[in-house]
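I have a structure I would like to understand better, so I am pasting it below and will then ask my questions one at a time.
The values are calculated or read from the model by the stated rules, or taken from the named source; none is laboratory data. Please read all numbers here as calculations on a predicted model, not as lab measurements. All Cβ positions, glycine included, derive from the backbone under ideal geometry; neighbour counts span all protein chains shown.
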Amino acid sequence: FESEFVAKGYYFKKGDIRVTISRIHRLPTRGNTSHVEAISSSYLVEASVVSSVQQDSIGDELKSFTEQLRPIVHLEKVDHRKIQLLGNK
């Protein structure tokens, strides 16, 4: 690998929604996870759901949850299906 990182944080589950709140750390010495350095003082917040295609109720549930976070979290939507399609080209 060109780089390694460690994510330290918390994992929550609310219904079908999975939320991780973590800080990303780099490894000064390759493979040594006992000493890590924070890359930033910011946190990475990821809210996700797994559902079958076109299940609007779960999408609405996730949207409602993320709206509650909007005042304190900068949100961006990522469609992992599009990323996978780009990787296959």
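Within segment 34-70, can you find the residues that are modelled with pLDDT of 85 or more, loosely packed, with under 10 Cβ neighbours inside 10 Å and assigned to a loop (DSSP other than H, G, I, E, B)?
Residues satisfying the conditions are SER34, HIS35, SER40, SER41, ARG70.
Taking segment 1-21, which residues are among the polar types (S, T, N, Q), without any contact (Cβ under 8 Å) to a residue 24 or more places away in the chain and part of a strand (DSSP E or B)?
None - no residue of segment 1-21 is among the polar types (S, T, N, Q), without any contact (Cβ under 8 Å) to a residue 24 or more places away in the chain and part of a strand (DSSP E or B), so the list stays empty.
Can you give me the number of residues within segment 22-49 that are of a type outside the set (Ser, Thr, Tyr) and either over 24 Å from ARG70 (Cα atoms) or touching a Pro at 6+ places or on another chain (Cβ under 8 Å) (or both)?
So the count comes out to 11.
Hey, can you tell me all the residues within segment 71-82 that are surrounded by fewer than 10 Cβ atoms within 10 Å (Cβ to Cβ) and either touching a helix residue (DSSP H, G or I) at 6+ places or on another chain (Cβ under 7 Å) or assigned to a helix (DSSP H, G or I) (or both)?
Those that are surrounded by fewer than 10 Cβ atoms within 10 Å (Cβ to Cβ) and either touching a helix residue (DSSP H, G or I) at 6+ places or on another chain (Cβ under 7 Å) or assigned to a helix (DSSP H, G or I) (or both): HIS80, ARG81, LYS82.
Considering only segment 16-33, I want to know if a residue exists there that is among the acidic types (Asp, Glu) and exposed (fewer than 13 other Cβ atoms within 10 Å of the Cβ).
Within segment 16-33 (the criterion being among the acidic types (Asp, Glu) and exposed (fewer than 13 other Cβ atoms within 10 Å of the Cβ)), the answer is no, since none of the residues qualifies.
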